[in-house]
There are 2 protein chains.
Amino acid sequence: MQERSARTRAEIIDAAQRLFGHNSYENTSVAEICQQANVSKGAFYHHFPTKHDLFLELLDQWLDGIDMGLQVSRQQVDNVPQALLSMARSTEAVFEMADGRLPMFLEFWSQARLDPAVWEATIAPYRRYQDFFAELLEEGIEQGDVRPIEPQVGARMLVALAVGLLLQSVLEPTEEHWAEVVEKSVDILLQGLIRRSA
Amino acid sequence: MQERSARTRAEIIDAAQRLFGHNSYENTSVAEICQQANVSKGAFYHHFPTKHDLFLELLDQWLDGIDMGLQVSRQQVDNVPQALLSMARSTEAVFEMADGRLPMFLEFWSQARLDPAVWEATIAPYRRYQDFFAELLEEGIEQGDVRPIEPQVGARMLVALAVGLLLQSVLEPTEEHWAEVVEKSVDILLQGLIRRSA
């Protein structure tokens, strides 16, 4: 019985992801999700009190996946510049998932300034990534592999770069091989733009 | 009479900017804009056939201002790395205006994947900035001041960084002095993250 409940929950999440991605969060009703997932409204509301809660669940799953990827990349290599490159190389899956989820995230974001609860849910992952990268850069500075920049500023840059490239990929999914652009970008960021005499 | 018409138009734009910024584009009606601007609905629709057209006008004004700033920074200095720093230093005004307009832009963006007309309006400025920075970097590479990176990738990075930092500033306007973060970020981008032996 518990297994069946978990399956129902997963089916609701799958259906919602497809529908939100195609028709936007706003334009998708709970009724449509139930129809697509082949579950009753009762079952839906048993798992998710509101459509909003379902949205937060999707967001969390995506962000948890990113967190896990970052932790794995960090543990695989000792050297911080190498760890950043390794993170860049593992963004393929993030971009694939973004195409379905980021538009929702944008809708959500545009509401964040108007609703304190939404603002909190939106800002939390941001701050988590910010802290993660600031710590990582600090470690790199201590180990002597990273220049003595301000770690907070460097972290803002890395988060901004990731979000900015994700947004571009959502607007023009077929224009570039986005995971490759990320990898090359991190390489440029590591090396700098200014030409030095050899 | 024509002067009065221009003043009316400016008053509508002012009122819309305030209301969209505070209450979002979705939650602002044409009636509220007319009341705030103290103009008749007839006058409103004379200038803007739809609320959507008014939104596009606001977006254009903001983006035109950014374009002008970029051109000025580019002409002031010959050296491309210096031009990028100069652009970073002039972002104060962009951030100030973003606080009122970017949330609208986000609402718009989240619809861009669903509506081809909106998609076109959203993607056009992106492509303009992309081309601008790619040309600039190419010039720097030719002049020998910029490393021989792929100009298209470098341009994607600069646009991503700008958009990503703008988004962070909208979510946490008081958390940082954002124009300063941009300036430091461009400096880090120019120099790179990896520590080199002196």
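The values are calculated or read from the model by the stated rules, or taken from the named source; none is laboratory data. Note that the structure is predicted; figures quoted are calculated from it, not measured. Using ideal geometry, Cβ is built from the backbone for each residue, glycine included, and neighbour counts are taken over all protein chains shown. Please note that ligands, DNA and RNA were not included when accessible areas were found on the heavy atoms of the full protein model with its side chains. Shrake-Rupley method; radii C 1.70, N 1.55, O 1.52, S 1.80 Å.
Annotations
- Contour excess over end-to-end distance, with Cα ends at A:V77 and A:R128 and 0.36 nm allotted per residue: 16.3 nm
- Each chain gives up part of its surface: B and A jointly bury about 5700 Å² of accessible area, both sides summed, for a 1.4 Å probe.
- The ratio of the alpha-carbon radius of gyration of chain B to the globular-protein estimate 2.2 N^0.38 Å is 1.18.
- Heavy-atom accessible area order for B:D145, B:D131, largest first, 1.4 Å probe: B:D131, B:D145
- Split the accessible area of the protein assembly as shown by element, probe 1.4 Å, and carbon with sulfur accounts for 50%.
- A cut-off under 10 angstrom between Cβ atoms defines the neighbours of A:R89, and their net charge, with Lys, Arg +1 and Asp, Glu -1, is -3.
- Shape class for the protein assembly as shown, computed from the alpha carbon gyration tensor (a ≥ b ≥ c): oblate, with a/c not under 1.5 and a/b at or below b/c.
- Distances between equivalent label points of B:H177 across the copies, with each point positioned 7 Å along Cα→Cβ, amount to 4.4 nm, shortest listed first.
- Qualifying GluC sites (Glu not before Pro) in segment B:40-101, DSSP loop, other Cβ atoms within 10 Å at most 10: none
- Computed with a 1.4 Å probe on the full set of protein chains, the accessible area for A:V163 sits at about 30 Å².
- Per-residue mean of C-beta atoms belonging to partner chains within 10 Å, peptide A:146-155: 4
- A:Q75 label point (Cα plus 7 Å toward Cβ) to equivalent points in the other copies: 5.7 nm, shortest first.
- Inter-copy label distances for B:I194: 1.7 nm (label point placed 7 Å from Cα along Cα→Cβ; shortest first).
- Of the residues B:K41, B:K184, ranked by 1.4 Å probe accessible area with the largest first, the sequence reads B:K41, B:K184.
- A 1.4 Å probe, protein heavy atoms only, puts the accessible area of B:C34 near 10 Å².
- For the rotational copies B and A, the chain B residue with its Cβ nearest the relating axis, together with that separation in Å, is B:G192, 1.
- GNM flexibility winner over chain B from B:G164, B:G65, B:G42 (Cα, springs under 10 Å): B:G42
- The string of couplings for segment B:120-127 from the Karplus curve (6.51, -1.76, 1.60, θ = phi - 60°) is 4, 5, 7, 7, 4, x, 3, 5 Hz, one whole number per residue in order, with x for Gly and Pro.
- The Cβ shell under 13 Å around A:G192 holds other residues with a net charge of +3, Lys and Arg each +1, Asp and Glu each -1.
- Average other protein chain Cβ within 10 Å of Cβ, residues A:164-171: 6
- Simple Cβ-charge dipole of the protein assembly as shown, Lys/Arg +1 and Asp/Glu -1, about Cα centre, in debye nearest 20: 340 debye
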